[in-house]
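This report refers to the structure that appears directly beneath it.
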Amino acid sequence: VLDFQADGLLSKISDTLPGGASIVIDAAGSLLGPALEVVRPGGTVVLFGMVERTSAPVSQYELTRRELTIVGSFIQTNTFPKVTEALRQKDFPIEKIISHSLPLGRIGEAFESMRKGLALKVILDPN
């Protein structure tokens, strides 16, 4: 997890991932532009943060030339209260929905397991 506002972040990403990141997630809802700068050719940008008054210039030419995939995911506002209430119940079987616990470095494996239907919810440990 990286802070796009940090000084020198783009160069840090370039040093760490010379070809760019294969998956970039914008959970803030306002970082499509920077996400497109750091995703590698053929990579994917996942958008699930939402800020209505934010917009980013996007070049369709660059998206196509770099063969990028942009995926948006929306959770309706009435979903969170229901889920929060369910999780508060002492008898909610949370262990039944968490199918895997993996270190953050294995995030690709987590996505692939979910894509194949082998995982329901995956806990990613950053430590």
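Overview of values
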| read-out | value |
| --- | --- |
| Where a residue in segment 47-68 is in a helix (DSSP H, G or I) and its partner, wherever it lies, is of a type in the set (A, V, I, L, M) and open to solvent by 50 Å² or more (accessible area, probe 1.4 Å), with Cβ under 9 Å and at least six apart | 63/70 |
| Lone qualifier among 67, 95 - being over 17 Å from the mean Cα position of the chain (by Cα), under 24 Å from residue 19 (Cα atoms) and of a type in the set (Asp, Glu) | 67 |
| Residue in segment 105-127 that is without any contact (Cβ under 8 Å) to a residue 40 or more places away in the chain, touching a helix residue (DSSP H, G or I) at 6+ places or on another chain (Cβ under 9 Å) and surrounded by fewer than 10 Cβ atoms within 10 Å (Cβ to Cβ) present | yes |
| Hey, residue 74 surrounded by 11 or more Cβ atoms within 10 Å (Cβ to Cβ) and either of a type in the set (Ser, Thr, Tyr) or assigned to a loop (DSSP other than H, G, I, E, B) (or both) or not | no |
| Search result, residues across segment 30-59 that are at pLDDT 85 or above and either hydroxyl-bearing (Ser, Thr, Tyr) or open to solvent by 60 Å² or more (accessible area, probe 1.4 Å) (or both) | 37, 40, 41, 44, 57, 58, 59 |
| Selection status of residue 39, within 22 Å of residue 9 (Cα to Cα), hydrophobic (A, V, I, L, M, F, W, C) and touching a helix residue (DSSP H, G or I) at 6+ places or on another chain (Cβ under 8 Å) | no |
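The values are calculated or read from the model by the stated rules, or taken from the named source; none is laboratory data. No experiment lies behind these values; they were computed from the predicted model shown. When we count neighbours, we look across all protein chains shown, and the Cβ atoms used for this are built from the backbone with ideal geometry, even at glycine. Each accessible area value is taken on the protein alone, full model and side chains, heavy atoms only, with ligands, DNA and RNA left out. Shrake-Rupley method; radii C 1.70, N 1.55, O 1.52, S 1.80 Å.
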